[in-house]
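Colleague: Can you keep this structure in mind? I'll have questions shortly.
The values are calculated or read from the model by the stated rules, or taken from the named source; none is laboratory data. What you see is a predicted model; the values in this text were computed from it and never measured. Quick reminder, even Gly has a Cβ in these numbers, built from the backbone with ideal geometry, and neighbours come from all protein chains shown. Surface areas here come from the heavy atoms of the whole protein model, side chains and all, with no ligands, DNA or RNA. Shrake-Rupley method; radii C 1.70, N 1.55, O 1.52, S 1.80 Å.
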Amino acid sequence: MTATEPAAAPAVPLPPARSRFARLLPEDPVLRRLSAITLVNTVGNGLGMTLGVVYFTRIVGFGVGTVGLVLTLAGACGVAAGVPAGRLSDRYGPKRVLVALLAAQALCAAGYVLVRGLAVFAVLACLAAVADRGGSAVRGALFAEVLPADGRVAGRAYLRSVTNVGISVGTLGAAAVLQLDTRGAYLTALLVDAASYGAIAVLYVLLVPATPRTAEQVRRAADGPNPALRDRAFLLLTGLNGVITLQFVMIEVGLPLWVVRDTDAPRWMVAGGMLVNTALVIVLQVRATRGTERPRAAALVFRRGALLVAASCLVLGLAAGLPGWAAALLVAAGVGCQALGEVYSQAGAWALSYDLAEDGAHGAYQGVFNTGMSGALMLGPVLMTSVVIAHGLFGWALLAALFAAAGWGMTALVRR
């Protein structure tokens, strides 16, 4: 090299290429930890949700009607838990309250293996529902605290995709238990579910908030009335989101009954529809959060989802009376349309539930928001069976109109 030639720049080492699996993981370390927590939790949930009713009827020996009555009572208790749990999370911190609720769920799940009498079963089921629904509200407040403000909605979307993966894995495990059909297999699964709650309680303790609350916010949460219950706009938002929440009951209760009783589509379409829904949510939920940064844009995304769900109702309703192959095509199209509507409506609702809440009071607002969802999930089965399924295409059209009204109502609310 001559004196006039410039010295070669030192080579800058390139960062190691991320593997295909690593690229699926979020870069935010807090979100990665939340993803691991969610995966452990939902695998356990997949076991418990799938096996609970079968265990208490087949192994313990309770009647189906008795178990259904107890679970309905537990659901009512869960509806009542959201608001006070959210309020407690503002007063004492969401992490502390959530860990306590998870510990309660672990004890209830472990206590199920000792159930012999109906009274004990009823008490444990009610306590478990209170801890579950209360924990859902507190978890929303925790996300507001540990995730940056501009990453909350995308973070929740990613965690929802992880939730679907975890529940699918847990359901596969439950299928193996059902195939074995022994008391020992059921008890092992229930104890694994209990252990998952204990494990994630420990993992939540290690989370550090991205936006810690100020002393003034803590004082206001402890002294003042619940701000969410006095916020008329937010209460209307909660009601409209409760309406769109009925889509989950539609896909879990309405679709199976409709396919089996009123169409000539093959019965396996019920399971196939659930798989299609799960797969589309896993793939599309994060992408659906784009454009939800501002309330008006989020409301438009919500409306888009509501109208897609409304369209899915009409498509499903038209499947009755058609040949089996045609009915199967319409059911598949209806489920796909519903899944697209689900990811958009959820993304818009999450964004609005944070954007329209007071700073430092996310627990109170998420408590009210989740109570609306819990109420819809409790009342939904009655609506599906007595109105939608009972009246055929007309019932599906009524449900479609309800969803469409919720979508248009949300944009009108946010515009005002």
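Colleague: Determine how large the accessible area of MET49 is when every protein chain is in place; take a 1.4 Å probe and give Å² rounded to the nearest 10.
Modeller: That residue has around 130 Å² of solvent-accessible surface.
Colleague: Let me ask another. Are there any trypsin sites (Lys or Arg not before Pro) in segment 249-345 that are in a DSSP loop and have at most 16 other Cβ atoms within 10 Å? List them by number. Mind showing how you got there, number by number?
Modeller: Working: sites: ARG261, ARG267, ARG287, ARG290, ARG296, ARG303, ARG304; in loops: ARG267, ARG290.
Answer by residue number: ARG267, ARG290.
Colleague: Counting only other residues whose beta carbon sits under 14 Å from that of THR171, what net charge do I get with K and R as +1, D and E as -1?
Modeller: -2
Colleague: Could I ask something else about it? Show that you can apply the helix-only estimate: for the chain, add -39,500 (n - 2.57) for every DSSP H stretch of four or more residues, divide by all residues, and state [θ] at 222 nm to the nearest 500. Walk me through the numbers before you get to the answer.
Modeller: Details: 15 runs with 312 residues, N = 416.
Helices in the chain give a 222 nm mean residue ellipticity of -26000 deg cm²/dmol.
Colleague: Can you sort ILE251, ILE167 by solvent-accessible area, 1.4 Å probe, largest first? Show your work: numbers first, answer last.
Modeller: Values: ILE251 5, ILE167 55 Å².
Reading off the accessible areas and sorting them downward yields ILE167, ILE251.
Colleague: Anything in the chain that counts as a DSSP H helix reaching 27 Å or more along its axis (C-alpha) with Kyte-Doolittle mean of at least -1.0? List them, would you?
Modeller: On the way: long enough: 29-54 (39 Å, 1.00); 64-92 (40 Å, 0.96); 118-146 (40 Å, 1.47); 152-180 (42 Å, 0.80); 183-205 (34 Å, 1.26); 295-317 (33 Å, 1.35); 324-355 (46 Å, 0.77); 362-383 (31 Å, 0.61); 392-415 (35 Å, 1.45).
Correct list, ordered by number: 29-54, 64-92, 118-146, 152-180, 183-205, 295-317, 324-355, 362-383, 392-415.
Colleague: Still on this structure: Counting only GluC sites (Glu not before Pro) that sit in a DSSP loop (anything but H, G, I, E, B) with at most 13 other Cβ atoms within 10 Å, what is the longest stretch of the chain containing none of them?
Modeller: Working: sites that count: GLU27, GLU293.
The answer is 28-292.
Colleague: I've got another one for you. For percent of Cα pairs over 41 Å apart, which listed value, (1) 13; (2) 10; (3) 17, comes from the coordinates shown?
Modeller: Computed from these coordinates, percent of Cα pairs over 41 Å apart corresponds to label (3).
Colleague: Work through the residues other than VAL97 whose Cβ is under 12 Å from its Cβ and net out their charges, Lys, Arg +1 and Asp, Glu -1. Show your work: numbers first, answer last.
Modeller: Values: positive: ARG87, ARG91, LYS95, ARG96, ARG139; negative: ASP90, GLU145.
Value of the local net charge: +3.
Colleague: Could I ask something else about it? Roughly speaking, what is the stretch gain from ARG230 to ARG116, that is 0.36 nm per residue apart minus the C-alpha to C-alpha distance, in nm to one decimal?
Modeller: Between ARG230 and ARG116, full extension yields an extra 36.6 nm.
Colleague: Keeping every protein chain present and rolling a 1.4 Å probe, give me the accessible area per residue for the chain in Å². Each step should come with its number before you reach the end.
Modeller: Values: 19380 Å² over 416 residues.
Spelled out: the 1.4 Å probe surface of the chain, per residue, equals 47 Å².
Colleague: Find how much the distance from ARG58 to ALA271 grows on full extension, using 0.36 nm per residue of separation minus their present alpha carbon separation; answer in nm with one decimal. Numbers along the way, then the final one.
Modeller: Working: separation 213, 0.36 × 213 = 76.68 nm, distance 2.26 nm.
Full-extension gain reported as 74.4 nm.
Colleague: Additional query: Which whole-number percentage describes the relative contact order of the chain, with Cα contacts under 8 Å and a sequence gap of 6 or more? Kindly include the intermediate steps, with their values, before the conclusion.
Modeller: Details: 635 pairs, mean separation 97.9, N = 416.
Result for the chain is 24 percent.
Colleague: Which one of ASP193, ASP359, ASP132 has the biggest mean-square fluctuation once the chain is modelled by GNM with Cα springs under 10 Å?
Modeller: Looking only at ASP193, ASP359, ASP132, the largest GNM fluctuation is found for ASP359.
Colleague: Any chance you could look up the accessible area of PHE403 with a 1.4 Å probe, heavy atoms only, rounded to 10 Å²?
Modeller: Around 0 Å² of this residue is reachable by solvent.
Colleague: Now a separate question. So for THR57, THR72, what's the accessible-area order with a 1.4 Å probe, most first?
Modeller: Working: THR57 40, THR72 85 Å².
The residues order as THR72, THR57, largest area first.
Colleague: Computing the accessible area with a 1.4 Å probe over protein heavy atoms, can you report the carbon and sulfur percentage for the chain? Before the final figure, lay out the partial values.
Modeller: Values: 13250 of 19380 Å².
Reported share for carbon and sulfur atoms: 68 percent.
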